[in-house]
Amino acid sequence: MPPGRGGAGEAPSSYACPVTIAPSGGNPSPAGTPPPARTAPPGWYGDPFDARYLRWWSGAAWTPYTYSVRALQPAARPKLPHKWIGRFGGWIIAAASAFIWLWLFGFNWLITAISPHPDTHEPAVLSPFLLLTGAATVATAILYTMAYRLRREDRLTASRLVIIAGVGGLAATLLAAPANSIIDVLSGGTALHPSGLALVLAGVVEEFVKIAAAVVLAWKLPVKNARIGLFVGGAVGIGFSVIENLGYLMEAFARGQLNGLGLGVFVETVIGRELTGPFLHPVFSALLGAAVFGAARAGRFRLTFGVVLAYLGVAAAHGIFDGAIWLAQVLPWPLIARGGAILLFYLMFVLASGLAWLLIARRIRRSAERRTALEESTG
């Protein structure tokens, strides 16, 4: 018996050019209505009473057995998501930004050769475009790669991920900046020489406001699991990193213009921020997001011991990084030794945080694969 409102014979395998048999007049009942003048063999024909169905003709009369026409139509092929500039789009974005840098620097040096600065002999033009590309290049490349890896079952669109990055990063910055400033002032720090306590506690403040922004912006997401937490937390961390880096670069730009070392100070700051940016806020927020979203049940966030432990862990790692950099800058050792120590610490921290992210992401993927296999075996 075919599915539908009844059944007779075999379900039709196709519905190409069907024969429509209409009643001869009046309002006949579904059963017992004679066909037109010519006799048709038994089979499925267009229902004369409802165009949405086929009705079984017994060869002598209509029967009550029907079959949906829609069930015979081939299912539409799912539309593949648009992949923009491909799997290597992040590298393309980074390369494009590098080209912009070379382009602008080339013009700076050309102008310098024609009309050098009268006082410092530094490039006469340091384009403000470098502020944006220096702050956002790597973050944009990573955000693109994240959006490219979204799956249909994640129920999270690329546009929403970008909104979460922008709105979440801005909101977290607006909350964290005043709090950090208050702690710095109370502990005796200044704008150029922040206190060690403020830097150590920056992890406590910033990781809290970032994960709070992630939770608020993801409150209505249909899927909440550790994988989504990696995406949402990482997006908020990227937005926060871009705004914070932009502030550092603006400060370096201004200081460099004042002391005549504009290009050197700016490039040094850019290298440091671009090197650490992708492996600080985005990684910290992604790992904490994975813990928070992984603890959710039935679409509801929960405060568990694991969530608290994850928060304390990323806050401590953040504080250790900022505190170690501050300590290296205040210790009385040679400039070359200080720079080498900071660079080595950068590299070690980048490797450690990147490795932690890979291990957590792999664990989440394997857990999802085991859960899918279990559902298929029991289903």
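With the whole protein complex present, MET250 retains an accessible surface near 110 Å², based on a 1.4 Å probe.
Between ILE320 and TRP219, what is the FRET efficiency for a Förster distance of 45 Å, r being their Cβ-Cβ separation, to the nearest 0.05? Calculated transfer efficiency: 0.90.
For LYS224, LYS210, the ranking by accessible surface with the largest value first comes to LYS224, LYS210, using a 1.4 Å probe. Counting only protein chain heavy atoms and rolling a 1.4 Å probe, the accessible areas of HIS193, HIS281 rank, largest first, as HIS193, HIS281.
Subtracting the Cα-Cα distance of PHE305 and ILE163 from 0.36 nm times their residue separation leaves 48.1 nm of extension gain. Computed on protein heavy atoms with a 1.4 Å probe, the accessible areas place THR137, THR190 in the order THR190, THR137, largest first.
Here the accessible area is traced with a 1.4 Å probe on the protein chains. For the stretch 282-347, carbon and sulfur cover 76 percent of it.
How would you order 306-316, 86-96 from highest to lowest mean count of nearby Cβ atoms within 10 Å?
Ranking the peptides 306-316, 86-96 by packing returns 306-316, 86-96.
Note on TYR65: accessible area approximately 90 square angstrom, rounded to 10, probe 1.4 Å, nucleic acids and ligands left out. Available extension along the chain between ASP154 and LEU174 is 4.3 nm, counting 0.36 nm per residue and deducting the alpha carbon span. Averaged over its residues, the stretch 222-379 has an accessible area of 53 Å² per residue, based on protein heavy atoms and a 1.4 Å probe. Label sites at GLU251 and LEU102, each approximated as a point 7 angstrom past Cα along Cα to Cβ, lie 3.2 nm apart.
With the simple spin-label model, which puts each label point 7 Å out from Cα in the Cβ direction, the LEU312 to ILE182 separation comes to 2.4 nm. If R0 equals 56 Å, the separation of the Cβ atoms of ARG338 and ARG70 corresponds to a calculated FRET efficiency of about 0.15. Sorting 179-188, 226-235 by average packing, meaning the other beta carbons within 10 Å per residue, from highest down gives 226-235, 179-188.
For LEU54, the amide hydrogen comes within under 5 Å of the amide hydrogens of ASP47, TYR67, SER68, VAL69, counting only partners 5 or more places away or on other chains and with H modelled in the peptide plane.
The values are calculated or read from the model by the stated rules, or taken from the named source; none is laboratory data. Computed from a prediction, not measured in an experiment: that's the story for all the values here. Methodologically, a virtual Cβ is constructed for each residue, glycine included, from the backbone with ideal geometry; neighbour enumeration extends over all protein chains shown. With ligands, DNA and RNA removed, areas are computed over all heavy atoms of the protein, side chains included. Shrake-Rupley method; radii C 1.70, N 1.55, O 1.52, S 1.80 Å.
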